[in-house]
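Beneath this line is the structure, given in structure tokens, with notes to follow.
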Amino acid sequence: MDILFEHGNFALLRDGFLQTVELSALAALLALLLGTLLAAFRVSPVPVLRAFGTVWVTAFRNTPLTLLFLAAVFTLPRLDVRFSPFTFAVLALGFYTAAFVCEVLRSGINTVPLGQAEAARSLGMTFGQTLRLVILPQAAKTVLGPMSSVFIALPRNSAIAGAFSVAELFQAQATLTDLGYPIVLIFFWVALPYLTISASVGVLFHYLPQIVAAGGRLVRGLSERGAPVRTETVEANQ
């Protein structure tokens, strides 16, 4: 326990924890947006978009994350692309995770019966409208489990950023090791925040269907309450 309150170690671990949360949250947001776009490309009727999505997923899924960090931190500055180490870490982690998000979403899209898309097209919907309004809402129900695994792994993958000048938990561990503290205590106080983050993500995905359903009921309730008011207003004007 003494390790936590010696020589500012608590502040070191606290700042590392907050940096890890921030890095994981921003990378997850980037991965979700980019992964959804790539999934749309993978099922698009446009051959060029399908090819782009396939190349992206194949390249990033089969490239070690450490190599992506090396490319982002050391190669991009040679091309006059300069960001902070934290920004490079967000981009590398987000691009890498987006490939897995894409494949999870694509597998969910494939579970939706083909007749759903055909019915939407018969009503005059475009590909984008069909995907957004018909396919993705149904696919979302089947991908929550696999998607949770992707985002639970993301904070642990962020540990690589500590080797590239990002002051997150892994770098805090390296600092404590250099100070000579027992490795068992260091492991405990570094592993505990990672466990907390991963468990929080798991709990979020566990209750996400109930949260979404409650939000839908709230919106429908507000809409039903607002309808009579608009009707009375129209009648009064007449």
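The values are calculated or read from the model by the stated rules, or taken from the named source; none is laboratory data. Only a predicted model underlies this, so the values are computations on that prediction, with no experimental measurement involved. No Cβ is skipped: glycine too gets one built from the backbone with ideal geometry, and neighbour counts run over all protein chains shown.
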Note to self: Conditions first: (1) buried (at least 16 other Cβ atoms within 10 Å of the Cβ); (2) more than 21 Å from the chain's Cα centre (by Cα); (3) modelled with pLDDT of 90 or more. Leu38 passes all but one, so which condition is the exception?
What the structure shows: (2)
Next item on the list: Test Arg50 against the stated conditions and say whether it is among the basic types (Lys, Arg) and without any contact (Cβ under 8 Å) to a residue 60 or more places away in the chain.
Entry: yes
Checklist line | Subset of segment 115-145 (residues that are out of contact with any helix residue (DSSP H, G or I) (no Cβ under 8 Å at 6 or more places or on another chain) and of a type in the set (S, T, N, Q)) | finding: Ser122, Thr126
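The rows are residues; the columns are (1) touching a strand residue (DSSP E or B) at 6+ places or on another chain (Cβ under 6 Å); (2) surrounded by 18 or more Cβ atoms within 10 Å (Cβ to Cβ); (3) at negative phi.
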site	(1), (2), (3)
Phe5	no, no, yes
Gly8	no, no, no
Leu12	no, yes, yes
Leu34	no, yes, yes
Notebook entry, point to check: Of these, Ser148, Ser84, Ser158, Ser107, which one is polar (S, T, N, Q) and without any contact (Cβ under 8 Å) to a residue 12 or more places away in the chain?
Noted result: Ser84
